[in-house]
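First up is the structure itself, then whatever we jot down about it.
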Amino acid sequence: MTTFRIGETDFLLDERPHRVIAGALHYFRIHPDHWADRIRKARLMGLNTIETYVAWNAHEPVRGEWDATGWNDLGRFLDLVAAEGMHAIVRPGPYICAEWHNGGLPVWLTSTPGIGLRRSEPQFVEAVSTYLRRVYEIVAPRQIDRGGNVVLVQIENEYGAYGSDHDYLRTLTDLTRACDITVPLTTVDQPEPHMLAAGTLADLHTTGSFGSRATERLATLREHQPTGPLMCSEFWDGWFDWWGGVHHTTDAAASASELDALLAAGASVNIYMLHGGSNFGTTNGANDKGRYAPIVTSYDYDAPLDESGHPTEKYHAFREVIARYAPVPDEVPPGRPAAPTLTVALRTTGDWLPAADAAAVGDGGAAIAPPTFEELGQLGPLVRYDIPLPAQAFDGADRAVLAFAEIRDIAWIAVDGAPIGRLQRALHERSLPIPRGSRLTVLVEDQGRVNYDVRLGESKGLVGPVTLGGHRLTGWSAQPVDLAAVANGIPGPAAPGTAGRTGLVGAFELDEPSDLFLDTSAWSKGYAFVNGFFLGRYWRNGPQRTLYVPAPATRAGANEIVVVELEHVVEPVAALVEAPDLGHREE
């Protein structure tokens, strides 16, 4: 039996000192057909371990409907890591942050009335316990002392940045041990004294998360973890992007120098990210530290393996550093080839928004206040709200100010079907004048659920009262939009015009399945699909200009592009380009 434990100064693999040199791969952000390729390239960079979060809301978006197949087949992912001769670290949360929607927590959980998130609150603990038991059913038989490859399991995630409920951490720890998890248990926090003190327990091994000033931060970590190996469990080698920002990159040589400092100090490391992947569909998270900032579709992260899984300058720089401290295979993976290029003519199919249903609100009938996405059970990104406009609200004038308490996260306003304007949460916009009319329609998009801090689990939609000319509007109907049904219906009859909301569809030929990069610059804002595979969101707001199309989503012969455009199209074309364009960078 192989053993793995924590010694006085080192991790001990079969009682011999062992350094963990790991890299983060999120199986839920990578097409399953690509898992083996990304794992192999990790080994070729010199890594001996793969780390992954577990995204609860990917496995159980609807309460009681647990799924561990396909994209969610954690067991298969861990087995592929083992097949490559590598160890694994599992971080099941339940909270993961990760720039993933709702920090990995299911919406049904965070919208439970009276629930207390990430603390010793009975409803939360009960649900988390059920979740962790399911995860550990997969992990326990794959531990290294059972003939598997899992060497570490993490309790919670950067908890010291959120709370200090040690009873909660004790509950998670005891449950983990009761579920037959016998490998060492860790916690991770930024190396700030108050976070390190709040986020761990005496019998858990404390690790750090940082991307610079390695020597200084290891010293702080050592003050709080006086024995055992030092480990940076999240060595931030890049950063994420948000709509309206820039594409973040870090200097490869500078990152490699920090990695060298970590390894020279004898520390173990987990590179976050080794390969980021993509926020396919609408799985992106968001931050809000005074201004709402939704994350883009790409999770390239400026990682050693780019979004399409190919080595970058940083890959080679890290590989060179690792070779100073550990064996590195001779084989080097090739760089990214140029992707097929062509221009695809698209035909427009007209406004895709379903007609209003006056009874489409929860259990039927009109609502006094506009219901939230959660009250409607809407897990998709769109809800249509409708309400008759009272003539008295205009007080004899031709226009009146429409005001919302809060919009989460962006709303398109129409009166009697005519577009009036758009309001964005990110710009703190909540009001606009509208003309006299008989019916108001508001289409609201959830742009991504906040994945960090106190706004975790917040509701979406029109939140709070809505007024017109100072008069509160009551009697709303609300209709969740089934985006999959919309996309499936777009290949229908053509309709003229690109000046407003429209569907687009086009076809192209490939000699063989291929990674593609879809240029979205001719469109404004919406969602794109290839052969029914939901690539994600696009937005002229940038920085991201192309969407990654994984080869397994394509096929030899005929392929189809479907676009659900929310605003307008500059030109009804889709361009496939040879390389990604993730946007402008800071100089």
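The values are calculated or read from the model by the stated rules, or taken from the named source; none is laboratory data. Only a predicted model underlies this, so the values are computations on that prediction, with no experimental measurement involved. Note: ideal-geometry Cβ built from the backbone for every residue, glycine included; neighbour counts use all protein chains shown.
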request  = Check whether at least one residue in region 26-38 is over 18 Å from the mean Cα position of the chain (by Cα), part of a helix (DSSP H, G or I) and farther than 28 Å from residue 295 by Cα, and report yes or no.
outcome  = no
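Here is a yes/no grid of residues against (1) aromatic (Phe, Trp, Tyr); (2) out of contact with any strand residue (DSSP E or B) (no Cβ under 6 Å at 6 or more places or on another chain); (3) in contact (Cβ under 8 Å) with a residue 60 or more places away in the chain:
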{"residue": "386", "(1), (2), (3)": "no, no, yes"}
{"residue": "420", "(1), (2), (3)": "no, no, no"}
{"residue": "427", "(1), (2), (3)": "no, yes, no"}
{"residue": "430", "(1), (2), (3)": "no, no, no"}
query = Which of the following residues is in the same structural domain as residue 377 (by TED's automatic domain parsing), surrounded by 14 or more Cβ atoms within 10 Å (Cβ to Cβ) and out of contact with any helix residue (DSSP H, G or I) (no Cβ under 7 Å at 6 or more places or on another chain): 472, 439, 455, 449?
reply = 455
query = Has region 64-81 got any residue that is closer than 20 Å to residue 271 by Cβ and in contact with a Lys or Arg (Cβ under 7 Å, 6 or more places away or on another chain)?
reply = yes
message = Take residue 290 and tell me if it is without any contact (Cβ under 8 Å) to a residue 40 or more places away in the chain and outside the structural domain of residue 430 (by TED's automatic domain parsing).
response = yes
Members of region 398-436 found to be buried (at least 19 other Cβ atoms within 10 Å of the Cβ) and more than 18 Å from residue 386 (Cβ to Cβ), listed by number = 408, 409, 425
query = Residues 494, 484, 499, 553: which one is under 23 Å from residue 310 (Cβ atoms) and out of contact with any Asp or Glu (no Cβ under 8 Å at 6 or more places or on another chain)?
reply = 553
remark   = Out of (1) surrounded by 17 or more Cβ atoms within 10 Å (Cβ to Cβ); (2) more than 28 Å from the chain's Cα centre (by Cα), the one residue 226 does not meet is (1)
ask   = Out of all the residues in region 301-319, which are under 17 Å from residue 339 (Cα atoms) and part of a loop (DSSP other than H, G, I, E, B)?
value = 306, 307, 308, 309, 310, 312
message = Please go through region 274-292 and give me each residue that is in a strand (DSSP E or B) and more than 13 Å from the chain's Cα centre (by Cα), ordered by number.
response = 274, 275, 288, 292
inquiry  = Within region 288-325, take every residue that is of a type in the set (Gly, Ala, Ser) and in contact with a Leu (Cβ under 8 Å, 6 or more places away or on another chain) and give me the one that is farthest from residue 242 (Cα to Cα).
reply    = 303
ask   = How many of the residues in region 39-76 are among the small types (Gly, Ala, Ser), assigned to a loop (DSSP other than H, G, I, E, B), in contact (Cβ under 8 Å) with a residue 24 or more places away in the chain and surrounded by fewer than 24 Cβ atoms within 10 Å (Cβ to Cβ)?
value = 2
ask   = When you scan region 342-396, how many residues do you find that are assigned to a loop (DSSP other than H, G, I, E, B), modelled with pLDDT of 95 or more, over 21 Å from residue 446 (Cα atoms) and among the hydrophobic types (A, V, I, L, M, F, W, C)?
value = 2
ask   = So is residue 520 free of Cβ contacts under 8 Å to residues at least 40 places away in the same chain, closer than 23 Å to residue 242 by Cα and touching a Lys or Arg at 6+ places or on another chain (Cβ under 7 Å) or not?
value = yes
task = Take residue 149 and decide whether it is touching a Gly at 6+ places or on another chain (Cβ under 7 Å) and modelled with pLDDT of 95 or more.
result = no
query = Among all residue pairs at least 6 apart or on different chains, which show Cβ distances below 6 Å where the first residue, located in region 118-138, is without any contact (Cβ under 8 Å) to a residue 12 or more places away in the chain and the second is part of a loop (DSSP other than H, G, I, E, B)?
reply = 123/112; 123/115
inquiry  = Quick check on my filter: what residues within region 484-510 are crowded, with 20+ Cβ neighbours inside 10 Å and either in contact with a Pro (Cβ under 9 Å, 6 or more places away or on another chain) or in a strand (DSSP E or B) (or both)?
reply    = 501, 502, 503, 504, 505
query = Among 294, 311, which is the only one that is closer than 25 Å to residue 484 by Cα, surrounded by 14 or more Cβ atoms within 10 Å (Cβ to Cβ) and touching a helix residue (DSSP H, G or I) at 6+ places or on another chain (Cβ under 8 Å)?
reply = 294
inquiry  = Any residue at all in region 249-263 that's in contact with a Gly (Cβ under 8 Å, 6 or more places away or on another chain), over 30 Å from residue 524 (Cα atoms), touching a residue at least 60 places away in the same chain (Cβ under 8 Å) and not in a strand (DSSP E or B)?
reply    = yes
key: All positions within region 208-222 that are assigned to a strand (DSSP E or B) and touching a residue at least 40 places away in the same chain (Cβ under 8 Å)   = 209
ask   = Restricted to region 1-25, and to residues that are in a loop (DSSP other than H, G, I, E, B) and not β-branched (Val, Ile, Thr), which residue is nearest to residue 306 (Cα to Cα)?
value = 19
inquiry  = Testing residue 132 on (1) buried (at least 21 other Cβ atoms within 10 Å of the Cβ); (2) in contact with a strand residue (DSSP E or B) (Cβ under 9 Å, 6 or more places away or on another chain), one condition comes back false. Which one is that?
reply    = (2)
